[in-house]
Structure formats: structure tokens, C-alpha cells
Amino acid sequence: MHLYKMHRKITNLKKILIRRYSQAALLDQNEYTETPEYPPILDMSLKARKLREREKLHEKIKNVNTVEEKQIALNMPRYYGWKCVMLHEDKVPYNAMPMIQCYTRSHFIPIEKLPPTYTESALTAEIVVKEIKNLVEDAICIEHEGVDHSFAVTLEKPVESQKSDALANVLVKQINRIITNNLADKVPHILSAQVDYDPRHEAFWFVGGVDVPSNVIKWRKQYPWLKDRLDEPVDRPVQYLGAPFLAMRSHFPLKPILEYSEAENPEFKVPKFTYKPDTVGYFHAYRHGTNIPGYWPGDHDEFGLLSYHGRGHILNRNVSFGTEDNLEALHCQAMLASFGWLLAQANYQGFTTYNDLTYPLVTQTIITDGQLWSFYAYQLNTILMHNEKIDENPKHNICFGTKPLKLYEKVENGKVYGFNEDVLKLLVQLYLNTPEEREYDLKPYLGREEQVIADIEDDNKRCWLEKRYKHLVSNRPKHLLLPEIYLWEKIYKIEHKTRFFEPNRRPFELGINPFKRRLNEHLPPYIPKALRPYPKHKKKFETTYYPDV
Amino acid sequence: MSTRWYPIYQRGNPQLRVFLPNFWMKLVHPPPKQLPNTVHFHCSMEMTKYDIRNYLEKIYNVPVIDVRTKIILGKFRKDLGKGYVVKDDDIKYAYVTLPKDTKFVFPDIFEKSKDADEEHLKSLEEAKKTFKNYIHRNKSRPDVPSWFSI
Amino acid sequence: MKLSQVLNRQHIGFMFKKHWLVQGKRVPIDTGVEEVLRAKGIPVEDALEFVKEKPEPRERINIVGQYEQPLPLDQNHPDYKERPCYTLKNTNVLLEGIAQAQVITKTILAEDKLPQKIEELAEVVAPKTVHDGVKKAILSANVFDTEQKKLPKIKDPERPAYNFPRILGITDRRRNQILTNKILQLVERSSDTEATLSKYVVNDVECKTVFDKEDDLIQFQDVSNILVTSNKPLTHDTEKDIPFVEIPDLYPIKHTITMPPEHFYTETSKYPIRPTVSMRHPHTTWLHFNSTEVNNIYETPVTLPQILGRSLTHAFTVATSYAKQLYGENVKDLPEPVYINCIQTDGQNYHFGVLELNTLNLDGKEGATNVWYCKNNLKLYDSSRYFSGMPVLENYNPKVYGYINAFYNC
């Protein structure tokens, strides 16, 4: 024991005495310059210091090498997950359009026909439509009357909407099959494109400029220096969850619909929506922010072409909302779905909600129940809308959208009545929109060698990160229950101090907010003594590889 | 007003119609920032969303788009004099959404009484002032009663 | 020790209990009111006289509820029948596997032998882009899909009570769905237009067939995960001089073993596509083997012969339900044989089969028999997963795609 202690002391001494890395002072560097060089004068007010701190964080996230680490970095500040505004694709409350437009920063342009970039494919589309028209009609008939489909009904949603979605799902698959089979010889990108059935689309971002919740105001009131900053807006984490029927993606991104410079056009300005999301009818949930475009990082086909969504949820809406609001709900769904998917794709390119896109991304969204089809084209120009940038950022996203168009009037006795070829033509044109290779670097914020964690050399680090990332984005329930202030504590300890004689042990008595715990504030897995490397090895806990942000 | 117990309707129950049930709704001042087309109410605990909608539509002809309700826990307070903690009754809140183009502004009920209040304050201020003057004047004569003067 | 000693000790629970007993039998105190009233000449009546009548029992209200309740499974159920029907569903397997399936379906086996045309088509070399597509499909089904659902519990036979952390990942159902659909899409996109125009693809459709065999009523209920249909019936040129595996003798086992008898059934077969549809003739049926869903009824793990037997019963179900729709419910010997291709897969292993349905007279072993050509256990890849954080696909076997392509185009 003594020897051992002695040994430790000696090594410590050695450390002090021996300077392993000594450098000779650079002699040729001239200490003096002609004009005096001062360090920049920094604003040392609290606000400015905090702002610099945040900017440093954004810069750090930007410099993280791999996609997955960036996602973990976004979630680093919260062990129990962010308190997110949950935007579900199929739950649109009344009058949600202003809020959704602001939260996705999308300018909506109602259109009758597709934007000008699609005109060149119109002729080909017409030929294709002539070839496939009968097939589509047959498919509609067969799916309506010819095949007995049985689908499982869940009790979570009304049956009507489930039926509508189930029919739309099978019809979409058939129509997609017909169009892709026909186009596979004509356009090369269809053959190599991947089709996902029922993928998982999730996106996470921060929105600033929202009214402050009352508990934050209460918190601010206790500090005199925050007195005149009570109503300063805060960031809100936002999580989108979507479930398209079918999504198509390819290796190259689609061509932009508008020039990238158009993004700063003041005509596309979106009015700010400052009311709290709960006033519109959205809810909150604690969860880790996830950005998932339907595949894990590292897949070959990274850019979306088009996605099909259901509109069964319109049937669940209150009748009193009226048809006009139902139409707006569809637009909301389309904007959310397009923005969400593109944002997740952008995250896989190394951009995050703090580091803006450097080029536009485009996707096409179709919302259908089989009979009514609405088409949307969406160009993502910016994903920067957190508190500091929501007012400064001049860029906006643009969404073009049609009204719901009827593909057919009705199906009776194995015949389709009132088939509308123009709708089919629009659909084919979306398929004909060819992705192209871009000339610039698509992943400027990712490492040169390491872009996803599969590229990392260090075995331990790679395995650890892979496991941690998957665990994080699964959002599985925690092993231990979330911290909670029990009602009796609130009554007898917080609101009325009737138990002052008891020792202070609970977090709220010690002035700790357990929800502010950081992701890496936990004990790493213990290494049993038997498994530690021989001989004496004092490392008790395994290494963690959380990104340093 | 009826004294009949108003049961909550379940699907399949016999449809019971109570004439003039014990329902009330109280318009309350919304928290500072709220969408202009929402109105806040307190209402009786037995009212369902349908009841609230019917109450507003049928009695007051208010076009109702959507009703959201929630029950808020009553406040805990110390009983005056006794010192133990008591709880107030829970309150049912109803958030009623009107058509999006309508705008609701909470009426200023106490407009007149405000002026009276101000006058009251003014006289109070004056009284304070005179008292201060009096103190100032008699600074050098402590413990002398007020009637003992010229 | 005597019990009373314990009971005499101070025991609050016991005390309360006794107290309740005492308090439960309270005797009303005589207040003397009765005497007073009687003295004043006011008649006193017993209160119990008024409550003598029992209240009428109220009728129970039938609560409709949000959803329709299923009818109780008893003898009044419309589908109830006295005669039991031995049922094989797609989540169950036969005990003896392929041998039992042979007996029930009266089928002879041509092992490792497919019709000549298929073998020829399977030799055709597909372009590299297609194989790249298949590899992408395998990776996307096993590695890159983002489903995170609970996978089956991990058990260590050495210490069966140990609870391992539950792993989240891609379920076998989803994996098979993605893989088979993507491969089929690739096959269709790379095939001639004529081939695709004459075909139709439906997902997850149910087939049902009910038949008699030696005084037993048997029904097969199966789900075809992908059913490719064509506009004209499938035909194959088959050879008759192959060494067939004859129908085995199962003695002492009866052929209905491990098929639970059901009393609620309908006696009609069901083919999912109605006769009005022109493209209704079954061509190829894909069957998924999801190890979490398919089980023996006696908890033993599913064996290879049982999986192969599943292929045969599945193909038989689709073919007979189609034949019954075509020729009527009571058809015995078919005027023309019905052919159907069947591909069973658990994602990795592929079992190909072609059924030639000649007869539905399944009694005994004599007379016309059905024929099952099969080629089993072709491996598409050795492993595909995240191996220490990296996506891996090992030993891709391009032959399998050849067979799938041949099955589609034959």
C-alpha cells in the first residue's frame, strides 16, 4: 500500500518536473507593429455574452464531423428530452395555417398547373398518360370492387378515416407501380430510385419569437436584472411526425423550382405568428429531437423525389370547421410533410437547425384518398428560424399547391366514370421531374473522411456512437421514472412551507431543476474488476464519446 | 332552473331531456396573449363540450367552431385565522373558438369606476401631503399634542 | 401456544373487526316515544310494514358503445357448426411438415426440380444495375430501414431466467415486406412492358379453401403476402419421368394432427379476386416466413420440413380456392391442371415451388395426384446487418434473383 502510494507520488512529481513538450520561443515573430492592434471590443452585457455563448455552441455543432454526432449534439442539453411542440401530420386543428406557415417559414402559392420548370415534361407526360390511362382505370376498378382487402382496424382512430386511408394506400401502390413500370425504360432515374412503403418521417427544429410561457416569466421575475426583459421570446423545440404511404428517393437532388436568390424575395415574406402553440390546439411532449427521412445515414439514395400522404384525417375533423378550413388543413399537412422530410434530409447532409442550408432542396408531395388528389411542390431554402435568426433571416421557403382535384367521379359496376386525364398528367409530370447532380459540395459541414459514424476508424467509438444514436432516436421510455414533484410536496413544501423542520433533500429544495440535466450527466457503464485489463488498471468506467458541445 | 340531476350522456343511454338544467357559463378575462377568435369561460362542471356548444349557439346565437374544455385544480390557500391548508373548488374552463375572421375583445366593465378610483387616490395623496407638512412643521416640538398650538 | 393468547394481545385490526361485529347489530334504544304517543291516542305503525315490498328489478340498458361488439362465440353464433373443421392458418405449421402436407393435399414431390422453362430463364444474366438494386434492397430491408420496434426476447438457455435488455429494430414482418416488394419492383421495372402489362400485383390478400378428406372437413386459411396475377392462366410444360417422391405413410400419426378443430367456420372457399376481373388468374404467390408469427402449437421451434410444408399448403390454398371459383365448389378432377408458382422466404432463404393441381379428390393415394416441383434453400445473402457500427452485406448470391425473375417472366 505504501509502495503504491509512493509510486503515485513519484509519477506526479515527474509530471511536474519533466516537461515533455517544450517549444523554443519563436524568435522571428515581431512583437511590435506599426499601428497598434487591439483585440476586438466586445459588448460585455449579459445579453451579449449569452448570445456569444450560443453562437459558440452553433459553431461547435457545425464543426462536428458526422451526421449522427450532430444529432446527438442537438440533444445534448436535455437528458430527459426537449419539451417539444408535437406537430402530427394527421392532426390539424382549426385555423392552423398561419402558425404552420410561420413554423415552417413557408410562403404558400396556390396554383392551377405546375410551376414553369415542369413545362418541358408536359409532352412526354401526355404520351405516357395515353399509354397508362386504361391501366390506371382498371386498377381503380379492381381495387374498389375486384379484390377483397382485409385491413386491421385499430380503436385509436375513427373507422371511417382508417378505411379511407387503407383504400388510398392500396390505390397509391397500384398507380405508383403502373407509372414506374411504364417510365422505367423512358427515364433512367426511375429504375435506380428506391421506393419506401410506410416510411418513418420525423423532423426536429427550433422556432423562435414565440410568446414566453408563464413559468418562464415567473422565473425571470425573481432576478432584478431580468426585470425589463420579462417578455423576451424564447426558442421552442418543434417535432414533426409523419407517416406517408409511399416515398420515392434517389441519389441526386431535384432541380430547384426557383433560383436560390429568389428565396430572399420580400414578396415571399411569411407573417410572424407569436401566439403560443397551445392556443391553436397543439400539445407538448418530452422527447429527444429526431431527424429521420425514412432511412439511416449512409444510405445511397438520400434525396426525396415524392411522397404520398393520406387525407383520412379530414374525415375526423369537426363538421363546423367548414370546407374552407379543411382545404387549409390539407395545405398545412403538405407544408409540414414537405418541410419535415426536407429538413430531415438536410440534416443528413450536415445542416442543422442552427447551421443554415447553402443550397435549395426540392420535394413533391401528393395528398390523396384515391379519388381526390392535391399536388404540392416545395422548395426548402432555409431552416434557420431559432430565436436570434427568426427576424433577421431574409430567406423563406416556397410551397406551390393545387386544390384537391378529382381523378374520377365514381366507380360503378366495374367501370370508372368521369376519369380526369389532366390529374393523371400532373402526377406523371411529378415522376418525370429528373434529379440532377449539383456542381457544388452538398455536404460542406461534414468531415472529409468521416461523414457518418460508419466511417469512423476507432472501433470503440464507432460502436458506442452507433448504439447511443439508435437508442436516442428510438425515444424508448427511460428505465427509471421521470422526476416528479408530487402534489403533496407542492402543497405542503412549495406553496405552504409547513414542513420546514425536515431536511432538504429533494431537487426543488436544493434549487435544482432536474429537467436541465445534460445528456452526458450520467454514470457510464461500470467495468467489473474481473474485466479490467491486467495488471492494475484503475479505469472503473467505460469511455463515453459524446460530442463536445 | 331545475333541481333534477343532469346525468352525463353515454351512447345507448335513453335520451333524457332536462328542462332548464343547472348550467351556467361565466365569461372570463383571457390570459394576456390569446388568439383574437378564442373566448374563455368558466362553466359548471357537468357541462360537456356539446352542452357548451348548444348553450352558446341556441341561447346566445354565437357561431361556435370548436370547444375545448379542461378542469383546472383549485388553488390551495391557508385558512385565515386557522392556519391549515384548504383547497378551493376545481374550475372547468371552456375555450371556445369562433370563426377565424371574428375578433373578440373583452369588454371593459369597470370604465366608470376607474375615474372614481382615481379621484379617491387623489384625495388620499392630498391627505398624505398635509400630514407630512404637519409633521414637518412640528419637527422641533416632539411629544406636544396637536391642540397645543397657536 | 393457545390462539386466545395472541388474540388477547392488543391488535388494532382484530379490535376493529370485533367492533364492527358489535356495531353491526345495534339495538334501537327505546326512547319511550311510543308510550307517549299511545297515551295521547295517536296510532303508531311499524315502519317495516311499508318497506315489505321489494323494489322491482330494473331492466339493464344495452349500451351500444363506440364500436360494434363481436358476437359471443357460442352455439347461437351464425357460423357455428356441429361438425368440427380442422383448420390450418398461416400462423400454424403441420407437425410432420412436407410429408403431412403431401398426404393432405395428395401431392407427389419433384425435389430440386423446376419446370424446364424456369431453369432456362433463370440462367439469363441480369445487368449489373439490377443486381446493385437488389443489394440496395437487401441493405435497406436489413440495415437502413428506420423501424424501431421491440424484437423478440433474447433467451439464454444456460440461464433462462436472465432478462436481457430488449433490442429495438426492424421486425421480421417489415423486413420481409420491404425486401420482397423492392425485389418485385426491380423485376417489374427491368422486365418487358408486355410482361408487366399482363400482370397485376396485390398485397396481403386472404385465401381460404374448405375440402373433405376421408370424412374429415379441413380448411386452409392463408394470407398471400404478394399475389401476382396475370390475364391468362399460368401453364408449364412438365416432365412426367422424374423420380417423384411418392405420398408417404404417416402411421401412427393421423394427417389432421396439430390442426385444431374449429366449430365456427363457413363452408365456402374464398379467392380474393372476383371473377369479373380479367387479370385474376394466380401466377406467383409470395409467402413470408416471419419467425415471430409462425409457430408450432406445441411451442417447439419450427423445423425446415415444416417450413417447406408451409410452401406446399400455401400454394395449394391459393390454387384450390382459384379452381373452386373457376369450376364450382364441388369439383373433383380438374378438366385442366391449375399451375401456380410459389416463393417462400424468410428474407434470407428462398424456397421456390411450382404446384400442378390436377385433382381435388384427395381421398386415399390412388388416382390422379397433384405435383409439387420445388427448389429449396437458396440463400440470397449470408448476413446483412450493422456489424460493429458498419452496414454489412456478405456473400450476395445473384442466382436467386435469376429464379425470381424467371418465376415472374415464365
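The values are calculated or read from the model by the stated rules, or taken from the named source; none is laboratory data. Owing to the predicted nature of the structure, the values given are computational and were not obtained by experimental measurement. Neighbour counts run over all protein chains shown; Cβ positions are idealised from the backbone, glycine included.
Things worth noting here:
- Taking the criterion of being touching a Pro at 6+ places or on another chain (Cβ under 7 Å) and more than 9 Å from chain A (Cβ to nearest Cβ), the only residue of the range C:170-216 that qualifies is C:CYS207.
- Pairing residues of the range C:282-307 that are over 30 Å from C:LEU234 (Cα atoms) with residues that are in a strand (DSSP E or B) and among the polar types (S, T, N, Q), at Cβ distances under 8 Å and at least 6 apart in sequence or on separate chains, gives C:ASN295/C:ASN92; C:ASN296/C:ASN92; C:ILE297/C:ASN92; C:VAL302/C:ASN295.
- Subset of the range C:182-217 that is of a type in the set (Asp, Glu) and in a helix (DSSP H, G or I) - its residue that is nearest to the chain's Cα centre (by Cα): C:GLU188
- Any chance A:VAL362 is in a strand (DSSP E or B) and touching a helix residue (DSSP H, G or I) at 6+ places or on another chain (Cβ under 7 Å): no
- Output for the range A:348-382, where each listed residue is more than 24 Å from A:GLU439 (Cβ to Cβ) and touching a His at 6+ places or on another chain (Cβ under 9 Å): A:THR353, A:TYR354, A:THR365, A:ILE366, A:ILE367, A:THR368, A:GLY370, A:SER374, A:TYR376
- Subset of the range C:67-103 that is surrounded by 10 or more Cβ atoms within 10 Å (Cβ to Cβ) and of a type in the set (S, T, N, Q) - its residue that is farthest from the other protein chains (Cβ to nearest Cβ): C:GLN102
- From the list A:GLU145, A:GLU156, the lone residue that is within 12 Å of chain C (Cβ to nearest Cβ), more than 19 Å from C:ILE226 (Cβ to Cβ) and in contact with a Ser or Thr (Cβ under 8 Å, 6 or more places away or on another chain) is A:GLU145.
- The range C:372-391, residues that are under 18 Å from A:ASP458 (Cβ atoms), part of a strand (DSSP E or B), without any contact (Cβ under 8 Å) to a residue 40 or more places away in the chain and in contact with a Lys or Arg (Cβ under 9 Å, 6 or more places away or on another chain): C:MET390
- Filtered residues of the range C:95-127 (kept if more than 16 Å from C:LEU362 (Cβ to Cβ) and among the polar types (S, T, N, Q)): C:GLN116
- In summary, A:ASP278 fulfils each of the numbered conditions (1) crowded, with 16+ Cβ neighbours inside 10 Å; (2) outside any strand (DSSP E or B); (3) of a type in the set (Asp, Glu) with the single exception of condition (1).
- Yes/no for A:GLU484 being exposed (fewer than 11 other Cβ atoms within 10 Å of the Cβ), among the acidic types (Asp, Glu) and more than 11 Å from every other protein chain (Cβ to nearest Cβ): yes
- Matching residues, the range C:133-169, being assigned to a loop (DSSP other than H, G, I, E, B), basic (Lys, Arg) and either facing chain A (nearest Cβ under 9 Å) or touching a Leu at 6+ places or on another chain (Cβ under 7 Å) (or both): C:ARG166
- Qualifying residue in the range C:327-346 (condition: polar (S, T, N, Q), surrounded by 22 or more Cβ atoms within 10 Å (Cβ to Cβ) and over 30 Å from A:GLY414 (Cβ atoms)): yes
- All of (1) surrounded by fewer than 19 Cβ atoms within 10 Å (Cβ to Cβ); (2) in contact (Cβ under 8 Å) with a residue 12 or more places away in the chain; (3) over 29 Å from A:ASP441 (Cα atoms); (4) within 26 Å of the chain's Cα centre (by Cα) hold for A:VAL210 with one exception: (1).
- Selected residue [away from chain A (no Cβ under 11 Å) and more than 17 Å from B:PRO99 (Cα to Cα)] from B:LEU56, B:LEU20: B:LEU20
- Test: residue in the range C:307-324 that is assigned to a helix (DSSP H, G or I) and either surrounded by fewer than 19 Cβ atoms within 10 Å (Cβ to Cβ) or among the charged types (D, E, K, R) (or both): yes
- Number of positions in the range A:174-193 that are at pLDDT 90 or above, under 20 Å from C:SER198 (Cβ atoms) and not basic (Lys, Arg): 9
- Evaluation of C:PHE316 against (1) more than 19 Å from C:PRO282 (Cβ to Cβ); (2) of a type in the set (A, V, I, L, M, F, W, C); (3) away from chain A (no Cβ under 14 Å) (one fails), failing number: (1)
- Any hit, the range A:532-539, residues being assigned to a loop (DSSP other than H, G, I, E, B), within 14 Å of another protein chain (Cβ to nearest Cβ) and not aliphatic (A, V, I, L, M): no
- 3 or more residues in contact (Cβ under 8 Å) with a residue 40 or more places away in the chain and more than 29 Å from A:GLY209 (Cβ to Cβ): qualifying helices (runs of 4 or more DSSP H) within the range A:41-151: A:122-141
- There is no residue in the range A:428-449 that is within 14 Å of chain C (Cβ to nearest Cβ), of a type outside the set (Val, Ile, Thr), in contact (Cβ under 8 Å) with a residue 40 or more places away in the chain and assigned to a strand (DSSP E or B).
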